[in-house]
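The values are calculated or read from the model by the stated rules, or taken from the named source; none is laboratory data. Predicted, not measured: the structure shown is a model, and the values here were computed from it. When we count neighbours, we look across all protein chains shown, and the Cβ atoms used for this are built from the backbone with ideal geometry, even at glycine.
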Amino acid sequence: MKKSFTLIEILVVATIIGLLAAVAAISYTQLIKQSRDAKRRTEMEQVRTALEIYRSNVGSYPNGSTWATTLNVLTTPIVYLQSLPRDPKPQTYSYYYNGSNTDYTLGAFLETGGTTCVAGQCGNNCNYCLGPYGQK
């Protein structure tokens, strides 16, 4: 007598493998999002540290409301940052800076959620802020 698998057994195994693959894909996607968010938080802390060192040396924070032009102050002439951080997913998200002589707000969008920004302080593009409108 020849031994073989029935069609039902093959379908059950295929279904189980498909479900396991789907769960793995979802978990992997969440892990990637969490990794990018961790990078965003780390970069925001690095910029905040550079801003505090800058204020310590100059006596005020850089003025402005754009990320690149304002924070270029931190990369030249005295290097407070080696380079200006960019969001890990730059086609979709970007960082935010708004500063005056006495205070500043840094912002980023976390893919896994965040609630440290007051609505509208960095547009509708941020849910994680450092500075007067978020954690400090």
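When restricted to residues that are in contact (Cβ under 8 Å) with a residue 40 or more places away in the chain and either surrounded by fewer than 10 Cβ atoms within 10 Å (Cβ to Cβ) or basic (Lys, Arg) (or both), the range 10-66 contains 6.
Being surrounded by 18 or more Cβ atoms within 10 Å (Cβ to Cβ) and either at pLDDT below 80 or in a strand (DSSP E or B) (or both), is that true of even one residue in the range 80-97? The answer is yes; a qualifying residue exists. For the residues Leu84, Leu31, the requirement of being touching a helix residue (DSSP H, G or I) at 6+ places or on another chain (Cβ under 8 Å) and either more than 21 Å from Tyr128 (Cα to Cα) or of a type in the set (A, V, I, L, M) (or both) singles out Leu84. Residues that are part of a loop (DSSP other than H, G, I, E, B), under 22 Å from Arg41 (Cβ atoms) and touching a Ser or Thr at 6+ places or on another chain (Cβ under 7 Å) are absent from the range 65-74 altogether.
Checked against (1) assigned to a helix (DSSP H, G or I); (2) closer than 18 Å to Asn125 by Cα; (3) modelled with pLDDT under 90, Arg41 meets all criteria but (3).
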